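The values are calculated or read from the model by the stated rules, or taken from the named source; none is laboratory data. This is a predicted model, so every value here is computed, not measured. Positions of Cβ are generated from backbone atoms using ideal geometry, with glycine treated the same way; all protein chains shown enter the neighbour counts. Accessible surface is based on the protein model in full, side chains and every heavy atom, while ligands, DNA and RNA are left aside. Shrake-Rupley method; radii C 1.70, N 1.55, O 1.52, S 1.80 Å.
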Amino acid sequence: MVTYAEDLPLVRRYRRTVFGERHTARAAVTVPTLYAVLSAVAAGAGYSVLPRSLCREHLDSGRLAPLHEPEAAPPNTLVLVRRPGAETDPGVVRVRETHRRAARGR
């Protein structure tokens, strides 16, 4: 198994959501980013759990193949982020307020 973090967050979520089990195995290879996971798996280093959005091109071209296709895939958790210290930047303030208004339905 190839992962980007020793605590296997995507693998644990997949295993819990899809199989209803706790994941206990360890990674064989840990690399610094999801992009590096994608590259390592595509190069033959093993298998992993990746967001479909990240590996869609590889799946579509046949460079990767699904190992398992669950009926209901785990949802991706998205986080809207900014660079530390940019909270007063006018563009950042505008984006934050736009999202707050949208979340309140206005």
Could you please find all residues in segment 37-48 being without any contact (Cβ under 8 Å) to a residue 40 or more places away in the chain and open to solvent by 30 Å² or more (accessible area, probe 1.4 Å)? S39, A42, A43, G44
Over segment 10-31, the set of residues part of a helix (DSSP H, G or I) and over 11 Å from the mean Cα position of the chain (by Cα) is R12, R15, R16, T17, V18, F19
Which condition does R83 not pass, out of (1) surrounded by fewer than 11 Cβ atoms within 10 Å (Cβ to Cβ); (2) under 15 Å from the mean Cα position of the chain (by Cα), if it passes all the others? (2)
Write out, first by first residue and then by second, each pair whose Cβ atoms fall under 7 Å of each other, whose residues are 6+ apart or on separate chains, and whose first residue, in segment 53-70, is touching a residue at least 12 places away in the same chain (Cβ under 8 Å) while the second is among the β-branched types (V, I, T) and open to solvent by less than 60 Å² (accessible area, probe 1.4 Å). L64/V41; P70/V18
Out of the residues in segment 5-48 that are of a type in the set (G, A, S) and in contact with a helix residue (DSSP H, G or I) (Cβ under 9 Å, 6 or more places away or on another chain), state the one that is farthest from A65 (Cα to Cα). A25
Across segment 1-36, what is the number of residues that are on the phi > 0 side of the Ramachandran plot and either touching a Pro at 6+ places or on another chain (Cβ under 6 Å) or surrounded by fewer than 18 Cβ atoms within 10 Å (Cβ to Cβ) (or both)? 1
Being within 23 Å of the chain's Cα centre (by Cα) and over 30 Å from F19 (Cα atoms), is that true of even one residue in segment 67-78? no
